[in-house]
Amino acid sequence: MGESGRKEWVYADIVKGERLPDITYTVTSEILENYLEGIDDLNPLYLDEEYAKKSPFKGRIVPPISMAIYTTVSSLIRPMGLKIPPGLVQASQKYEFTGAARPDEELLIKSIVEDKFEKKGRKFVRLRSDVFNQKGEKVGTSWLTPIWSK
Amino acid sequence: MHSIRKFEELNVGDELQPIIKKMTQEKINKYVSTAEDYNPIHVDEEFAKKTPFKGTIAPGYQSMAYISELMAREFGEGWYFGGSLDVRLTRPVKPGDTLVTRARVVEMKVDDDVKRLICEVQITNQNNETVMAGTAGARCE
């Protein structure tokens, strides 16, 4: 479904405690290479298997902050056939990193509407996404708190 | 390689070595190609010219990665297992911008033998305008 065919996820329709559909994603070696060129980071822990094998991680990992590109509000609600209303502004974004994810490993995102509230006339929604690796270990958590435009 | 910082060698107020990067349209295109989240404001100059930004801008998440790079360089495993980042985007980043990412230690603590520190982090552009600000925390050996 194209973006134009999607209904907007407006503030009134958002329910605190609502779980969003699970999403899986894989940072393939090709995606990783483009990502690293985009952020201009040549850390051998991400690129050089021989180097990474000698590290505490025993092999290459993906940058933990790469979870940010898969936990955007648009990505999280796309499986619901929804899109964000225009004018949505990111008020804050927070991340915690708790484990390693590998290139070519399928990762699972589980998300929930942790809170919605109005403050000084603005509408806020806090979305929490926990990311798990194939062993079921949590590799990180993202909290996005956009200001909803409508 | 930069050596991993030890808790004992750091003090509140210490500035960590900054990272300086130049944002380019090519880097934006590479970054955007990794996400399924297509937004013409990042890649379509004709579209972007008609917006209040008057040209393309980088995704906010792209420059956030510079803070992660700095913290990974300084704290290694303590960033990958125990890092935290809390930031606000304050100004758009445009192709051609030179960005300086800084971190300053503002808090150091030991809880249950786990050493942690918090840094104030900031990214500024060539006009010394802040484009991103917040805090980053890491475990420390």
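The values are calculated or read from the model by the stated rules, or taken from the named source; none is laboratory data. Quantities reported herein were computed from a predicted structural model and do not represent experimental measurements. Quick reminder, even Gly has a Cβ in these numbers, built from the backbone with ideal geometry, and neighbours come from all protein chains shown. Note: areas computed on protein heavy atoms with side chains; ligands, DNA, RNA excluded. Shrake-Rupley method; radii C 1.70, N 1.55, O 1.52, S 1.80 Å.
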Which members of the range B:88-140 meet the condition of being of a type in the set (Asp, Glu) and either crowded, with 19+ Cβ neighbours inside 10 Å or in a strand (DSSP E or B) (or both)?
B:Asp97, B:Glu107, B:Asp111, B:Glu120
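Quick one: which residue in A:Pro146, A:Pro79, A:Pro103 is more than 9 Å from every other protein chain (Cβ to nearest Cβ) and in a loop (DSSP other than H, G, I, E, B)?
A:Pro103
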What residue, of B:Gly83, B:Gly60, B:Gly78, is more than 17 Å from B:Leu10 (Cβ to Cβ) and in contact (Cβ under 8 Å) with a residue 40 or more places away in the chain?
B:Gly60
Are there any pairs with C-beta distances below 7 angstrom linking a residue in the range B:21-42 that is facing chain A (nearest Cβ under 8 Å) to a residue that is in a loop (DSSP other than H, G, I, E, B) and crowded, with 16+ Cβ neighbours inside 10 Å, with the two at least 6 apart or on different chains, and if so which?
B:Lys21/A:Asp40; B:Lys27/A:Asp40; B:Ile28/B:Thr56; B:Ile28/B:Ala58; B:Ile28/B:Pro95; B:Tyr31/B:Pro59; B:Val32/B:Pro59; B:Asp37/A:Thr72
Let me spell it out: the conditions are (1) within 13 Å of chain B (Cβ to nearest Cβ); (2) surrounded by 13 or more Cβ atoms within 10 Å (Cβ to Cβ); (3) in a strand (DSSP E or B), and A:Thr24 meets all of them except one. Which number is the exception?
(2)
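Take the residues in the range A:13-61 that are of a type in the set (D, E, K, R) and touching a residue at least 40 places away in the same chain (Cβ under 8 Å), then tell me which one is farthest from A:Glu105 (Cα to Cα).
The extreme case among them is A:Lys16.
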Residue, farthest from B:Asp111 (Cα to Cα), within the range B:1-20, restricted to residues that are out of contact with any helix residue (DSSP H, G or I) (no Cβ under 6 Å at 6 or more places or on another chain) and open to solvent by less than 70 Å² (accessible area, probe 1.4 Å):
B:Pro18
Quick check: is even one residue across the range A:54-76 under 15 Å from A:Val113 (Cβ atoms), in a strand (DSSP E or B) and not β-branched (Val, Ile, Thr)?
no
Conditions first: (1) open to solvent by 10 Å² or more (accessible area, probe 1.4 Å); (2) outside any strand (DSSP E or B). B:Gln62 passes all but one, so which condition is the exception?
(1)
